[in-house]
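Reviewing the structure listed below.
The values are calculated or read from the model by the stated rules, or taken from the named source; none is laboratory data. As the structure is a computational prediction, the values presented were derived from the model and not from experiment. Note that we place each Cβ from the backbone using ideal geometry, even for glycine, and neighbour counts take in every protein chain shown.
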Amino acid sequence: MKLANVFTIILWGLCALYSTGIKAQEGDQILDGIGETALTARYVLDGDLRDWSRNNLHGELQGSDVVFLEDDVFGTVASLKTGDQNGIKLPGKLVGGQESLTISGWFKTESGQNLSLIDFGVNAQNHLSIGISDGDLIAKVDADSNSIQAKKQGLKSKQWHHFVVIHNIVTSRLELYVDGKLEDSTAILNHGLDQILDLKNSNNNQFFIGQTFSRAKQKDDVKLHDFRWYHVALSAQQVQRIYKAALQGEAVVNERQEIEDKLPEFDQQTPQLFNAYLKSVEDVQLTTKVGELPRLPAYVRAVYEEGIAKNEVRVIWPAPKDNDRVQNQGQYTVVGNIPGTSFQPKALVTVKEMTTKTPERIIAPFKLSQVQLNKGSRGEQTKFIENRDKFVNTLAQTNPDSFLYMFRNAFGVTQPEGAEPLGVWDSQETKLRGHATGHYLSAIAQAYASSSYDEQLQEVFAKKMTYMVETLYELSKLSGEPKTPGGKFVSDPTKVPFGPGKSDYDSDLSEQGIRNDYWNWGTGYISAYPPDQFIMLESGATYGGQNNQIWAPYYTLHKILAGLLDVYEISGNKKALEVAKGMGDWVAARMEELPTPTLISMWNRYIAGEYGGMNEVMARLYRLSGSESYLEVAALFDNIKMFYGDAQHSHGLAKNVDTFRGLHANQHIPQIVGALEMYRDSDAAAYFKIADNFWSKTTHDYMYSIGGVAGARNPANAECFPAQPATLYENGFSSGGQNETCATYNMLKLTRNLFFFEPRAQLMDYYERGLYNHILASVAEDSPANTYHVPLLPGSVKHFGNPDMTGFTCCNGTAIESSTKLQNSIYFKSEDNNSLYVNLFIPSTLQWTERNIQVDQVTSFPREDHTTLKITGKGRFDLKLRVPSWATSGFYVKINGKEMDVKSTPGSYVSIDRKWKNGDTVELRMPFEFRLEPVMDQQNIASLFYGPVLLAAQEDAPRTNWRQVTFDAQHIGKSIQGDPSSLEFTYNGIVFKPFYETYGRHSVYLDVRLD
Ligand SMILES: [Zn+2]
């Protein structure tokens, strides 16, 4: 179906909305200039002990002594009385695997006598306490009878004070701020968090507000307000901002004037790295279509001094926010900049009317079950098999009832015996509950398809799939049907009433507050919570933890529907498709009634409107069911502002304008995956351009060397793209972490899907980078625990979570998908089965059943630089072998031992079209070399690669600065020693190992000089 009619409907009616000006991102992702990923918990204490953060780490009353009082400054505050022995107990999960922490809070004492504000640790000997002692505020760490402390003397009573205590691993100081000012700081020495907390098992830790381990009586009345836990060390400016913002009355949300956590600065007039050897830079000429910004080349040809083996240079071009410059035919010049130099390459752009054609889908993947991972050529285990087995074996142990728990809870159905709920983002009151279930459905389906090496395992996953779908099917059939014959019910999804006894829709999921009246929820409804969040989103609800706020209902739903369709496609379970269609109809009924301005408002609302790939899954539902209504609904998920710029579709990504700078990375990447799926199903060319332009921009302008793309210092949110393109050093490298792992999962999905339309080696170069250096690198050494952000600041360490699959964040969710489909992009074929693409060099066996051909790939790559393909079967086909962009010299192909005369341009595919015979062997060699990959706007900050493998410097202590190294300009590897077969190298006493085998402290970026 063509979508012209859908577009027409969308177009009118938007103008009014835009004149009122909708903010691109609303919500409280940035509180007081600090991104929410840094915030572990926030207790405002204005009437209850709830955690306001998304982590639901609610406090618990110990005894009955906390009362809430009205206060002139802060409204309602908590109060403890003299003689109280009790206070507030906080969950042990408050501190996870982190190394630093910050605690912030407000208090007001009556007379300044002895009292406790905070106490936490494993016991009364190993703990951190904050309290008043004879009028002094003291933060103290006791570790095995040694102690350190920071102190502020002579605090005034009867007035509010703000304290901040920072346990900072990087500076190795315990810092005490009072009323926005640093008052004292002391060396941590051997008083690290690991000395006072059990970082492996959080159940062994205890946290208190207003009481101590020893349950000492408070000797004073005290009032408490807004206690916060951050899992990073805040900067002095951030502390100031919390202090000032609170006194101004309102917390500052979404406002930011300057970057506070600065990186080391370098002189901007000094050419760095190879830019110091530049002799000349070429101008470029290009043509673009009227209305579409030209795609300016990230690299242009350049001449370097003799001996420097480089012929191009990174250029940073201006990045307009609209397409004004290309509205009319003609010519104009864009002037670029090469950091640290006075070179200003020019691009002469000719704007003219022309017809462009978007590509057809000509490539297809193999089914997961057609490709099997093998051991390496020396019989060794590979990282791929190791990681697959960690996930597959742990998944096999999971109890599906845990993943069904909150669905049953929503429908008020009794839990089967032994059923335990999941934690983290699927716990009782978490408004995202059910998201892990969607990932789980996809993961067990993929695990089933990927484990043909073990029939028993397959049986386990087959049973799990059937049980999951059966249960979800039964629940979905309850929706919108009378509970008892003749009983009342509401089958129309647009007529869902308030919950029983309620006067409005709400997102209360507590045991007491959740509604279970499924008979009122409309036909086909399925989710792990009642329909309210979907309805509230339509009427403007924002993201947050309160009962009038929501998380991301359509995000969660996307996971569930995608999981059901994965099960359907892999196992043929028709009930899975039926459940998906039922909910698809429910969504269609509601969405079709919404005016376009409402849709635009929904999809531009930070997190609340995060819909994962709803456009993708609805379009896919159309493709699998043939029912066009799903494709029409899919188009209603267009993020019009990002895709088309505005109501008139005047620019946006469809016209190559970067409309996603500063936005939440993983909120938007799946929308692009959806746009490409829309292109596949609708042929509307704009969708292809959106996806293609987005991919080009993200990989050139926002990418870290491991392949990740999120992590902004500006805006201050580790989950966002930096505020401006090609400013990774200026605006990226968030102290809260970078490289959100689920964002890379989605980037790989987008990359692979683009390849099906345009089989360019550049796409697979990125795929390989992200697969080896982020996805493989995101898993713990001994378990399937995995990363959220992957931090790349100097001396960082990865943190892994969810080893036993009992509590999932977004990234834990995508991880169980990533590691159950590691083999899915090694080989592709042309749709007509005449070509075979060998994309990745991973030991594996392909069953090309359509051609009755088997291909065994035998290699220990990347521990060796060659691979051999053994062909079983016969017939003519075009064998396409990837020549990686990093294989810049010495690539060759041998067939049956004889070297072929093939043109092998790095970053292309070599094509060998011939009649293949049973037993033919093809050997590829692609010599590895050391190379540097700099940050685009600060070239001396660079990562060291060996072939496809990112090498990380192994660090034994935290660092405040980038590690400095000096390499030979003509030959980077000159002074690097080591063994390519182990991929372990040393340079000047520094050990380098593959990042995917790095579990300790690391430096992925180095401050590189050349000589
Ligand atoms: Zn994530």
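Suppose we keep only residues that are in a loop (DSSP other than H, G, I, E, B) and either touching a helix residue (DSSP H, G or I) at 6+ places or on another chain (Cβ under 6 Å) or charged (D, E, K, R) (or both) within the stretch 72-113. Which one would you say is farthest from GLN240 (Cα to Cα)? Full working, then the answer.
Kept after step one, since they are in a loop (DSSP other than H, G, I, E, B), are these residues of the stretch 72-113: 72-74, 81-87, 91, 95-100, 110-113.
This time we only want the ones that are either touching a helix residue (DSSP H, G or I) at 6+ places or on another chain (Cβ under 6 Å) or charged (D, E, K, R) (or both), so: 72, 81, 84, 99, 110.
Numbers: ASP72: 22, LYS81: 29, ASP84: 32, GLU99: 22, GLU110: 25 Å.
Taking the candidates together, the pick is ASP84.
So, VAL709, is that one free of Cβ contacts under 8 Å to residues at least 60 places away in the same chain and not in a helix (DSSP H, G or I) or not?
On the way: free of Cβ contacts under 8 Å to residues at least 60 places away in the same chain: yes; not in a helix (DSSP H, G or I): yes.
In short, yes.
Among the criteria (1) assigned to a loop (DSSP other than H, G, I, E, B); (2) over 27 Å from TYR568 (Cβ atoms), the one ILE535 does not fulfil is (1). Going through (1) over 20 Å from PHE391 (Cβ atoms); (2) touching a Cys at 6+ places or on another chain (Cβ under 7 Å); (3) among the hydrophobic types (A, V, I, L, M, F, W, C) one by one, CYS742 falls short only on (1).
Within the stretch 122-167, which residues are under 13 Å from ILE196 (Cβ atoms), surrounded by fewer than 15 Cβ atoms within 10 Å (Cβ to Cβ) and among the acidic types (Asp, Glu)? Once the filter is applied, which keeps residues that are under 13 Å from ILE196 (Cβ atoms), surrounded by fewer than 15 Cβ atoms within 10 Å (Cβ to Cβ) and among the acidic types (Asp, Glu), the stretch 122-167 yields only ASP144. Scanning the stretch 816-845 for residues that are surrounded by 23 or more Cβ atoms within 10 Å (Cβ to Cβ), more than 21 Å from ASP765 (Cβ to Cβ) and touching a strand residue (DSSP E or B) at 6+ places or on another chain (Cβ under 7 Å) returns a single hit, SER819. When restricted to residues that are of a type in the set (D, E, K, R) and closer than 23 Å to LEU293 by Cβ, the stretch 693-738 contains 3. Scanning the stretch 706-727 for residues that are away from the ligand (no atom under 16 Å from the Cβ) and either within 11 Å of the chain's Cα centre (by Cα) or surrounded by fewer than 24 Cβ atoms within 10 Å (Cβ to Cβ) (or both) turns up ASN714, ALA723, GLN724, PRO725, THR727.
For the residues ALA716, ALA743, ALA654, the requirement of being at pLDDT below 95 and aliphatic (A, V, I, L, M) singles out ALA716. Every listed requirement among (1) of a type outside the set (A, V, I, L, M, F, W, C); (2) in contact with a Gly (Cβ under 7 Å, 6 or more places away or on another chain); (3) closer than 22 Å to VAL44 by Cα is met by SER129 save one, (2).
Per-residue answers, yes or no, for (1) among the small types (Gly, Ala, Ser); (2) farther than 27 Å from THR814 by Cβ:
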{"residue": "LYS431", "(1), (2)": "no, no"}
{"residue": "ALA443", "(1), (2)": "yes, no"}
{"residue": "ALA449", "(1), (2)": "yes, no"}
{"residue": "GLY486", "(1), (2)": "yes, yes"}
{"residue": "PRO497", "(1), (2)": "no, yes"}
{"residue": "TYR505", "(1), (2)": "no, yes"}
{"residue": "GLN512", "(1), (2)": "no, yes"}
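Could you look through the stretch 729-750, keep only residues that are more than 16 Å from the ligand (Cβ to nearest atom) and buried (at least 24 other Cβ atoms within 10 Å of the Cβ), and pick out the one that is farthest from VAL797 (Cα to Cα)? Among those that are more than 16 Å from the ligand (Cβ to nearest atom) and buried (at least 24 other Cβ atoms within 10 Å of the Cβ), it is ASN731. Restricting the first member to the stretch 713-727 and to residues that are farther than 13 Å from MET703 by Cα, and the second to residues that are aromatic (Phe, Trp, Tyr) and more than 16 Å from the ligand (Cβ to nearest atom), the beta-carbon pairs closer than 9 Å and six or more apart or on different chains are ARG713/PHE733.
Residues in the stretch 356-398 that are within 22 Å of LYS464 (Cβ to Cβ) and of a type in the set (Phe, Trp, Tyr): 1 in all.
Going by the conditions given, is SER116 modelled with pLDDT of 85 or more and not in a loop (DSSP other than H, G, I, E, B)? Full working, then the answer.
Numbers: modelled with pLDDT of 85 or more: yes; not in a loop (DSSP other than H, G, I, E, B): yes.
The answer is yes for SER116.
Tallying residues that are outside any strand (DSSP E or B) and farther than 24 Å from HIS774 by Cβ within the stretch 342-399 yields 24. Of the residues making up the stretch 940-976, those that are of a type in the set (Val, Ile, Thr) and in a strand (DSSP E or B) are ILE941, VAL949, VAL965, THR966. Filtering the stretch 400-430 to residues that are in contact with a Lys or Arg (Cβ under 7 Å, 6 or more places away or on another chain), surrounded by fewer than 23 Cβ atoms within 10 Å (Cβ to Cβ) and part of a helix (DSSP H, G or I) leaves only PRO400.
Residues that are assigned to a strand (DSSP E or B) and surrounded by fewer than 18 Cβ atoms within 10 Å (Cβ to Cβ) do occur in the stretch 52-61.
When THR494 is tested against (1) in a loop (DSSP other than H, G, I, E, B); (2) under 35 Å from the mean Cα position of the chain (by Cα); (3) more than 16 Å from ILE560 (Cβ to Cβ), just one condition goes unmet, and that condition is (1). Residues that are among the aromatic types (Phe, Trp, Tyr) and out of contact with any helix residue (DSSP H, G or I) (no Cβ under 9 Å at 6 or more places or on another chain): does the stretch 952-964 have at least one? Yes; the residues of the stretch 952-964 include at least one that is among the aromatic types (Phe, Trp, Tyr) and out of contact with any helix residue (DSSP H, G or I) (no Cβ under 9 Å at 6 or more places or on another chain).
Does the stretch 94-109 contain at least one residue that is more than 30 Å from VAL170 (Cα to Cα), in contact (Cβ under 8 Å) with a residue 12 or more places away in the chain and either polar (S, T, N, Q) or loosely packed, with under 15 Cβ neighbours inside 10 Å (or both)? Steps first, please.
Keep residues of the stretch 94-109 that are more than 30 Å from VAL170 (Cα to Cα), which gives 108-109.
With the extra rule that they be in contact (Cβ under 8 Å) with a residue 12 or more places away in the chain, the set shrinks to 108-109.
Those left that are additionally either polar (S, T, N, Q) or loosely packed, with under 15 Cβ neighbours inside 10 Å (or both): 109.
Scanning the stretch 94-109, I find at least one residue that is more than 30 Å from VAL170 (Cα to Cα), in contact (Cβ under 8 Å) with a residue 12 or more places away in the chain and either polar (S, T, N, Q) or loosely packed, with under 15 Cβ neighbours inside 10 Å (or both), so the answer is yes.
Restricting the first member to the stretch 489-501 and to residues that are under 12 Å from GLU593 (Cβ atoms), and the second to residues that are of a type in the set (Asp, Glu) and modelled with pLDDT of 95 or more, the beta-carbon pairs closer than 8 Å and six or more apart or on different chains are PRO493/ASP585. If the condition is being of a type in the set (D, E, K, R), closer than 24 Å to ASN55 by Cα and free of Cβ contacts under 8 Å to residues at least 24 places away in the same chain, then the stretch 390-419 contributes only ASP401.
Filtering PHE928, PHE945, PHE992 for residues that are under 15 Å from PRO794 (Cα atoms), touching an Asp or Glu at 6+ places or on another chain (Cβ under 8 Å) and among the hydrophobic types (A, V, I, L, M, F, W, C) leaves a single hit, PHE992. Based on this model, can you work out whether THR270 counts as assigned to a strand (DSSP E or B) and within 37 Å of the chain's Cα centre (by Cα)? Judged against the criteria, THR270 is not a match. A count restricted to the stretch 942-983 and to residues that are surrounded by fewer than 18 Cβ atoms within 10 Å (Cβ to Cβ) and over 29 Å from the mean Cα position of the chain (by Cα) stands at 14. Exactly one of (1) within 17 Å of LEU441 (Cα to Cα); (2) in contact with a Lys or Arg (Cβ under 6 Å, 6 or more places away or on another chain) is unmet by ALA562. Its number? Exception for ALA562: condition (2). Checking every residue in the stretch 751-768 against the condition of being within 16 Å of the ligand (Cβ to nearest atom) and crowded, with 22+ Cβ neighbours inside 10 Å gives zero matches.
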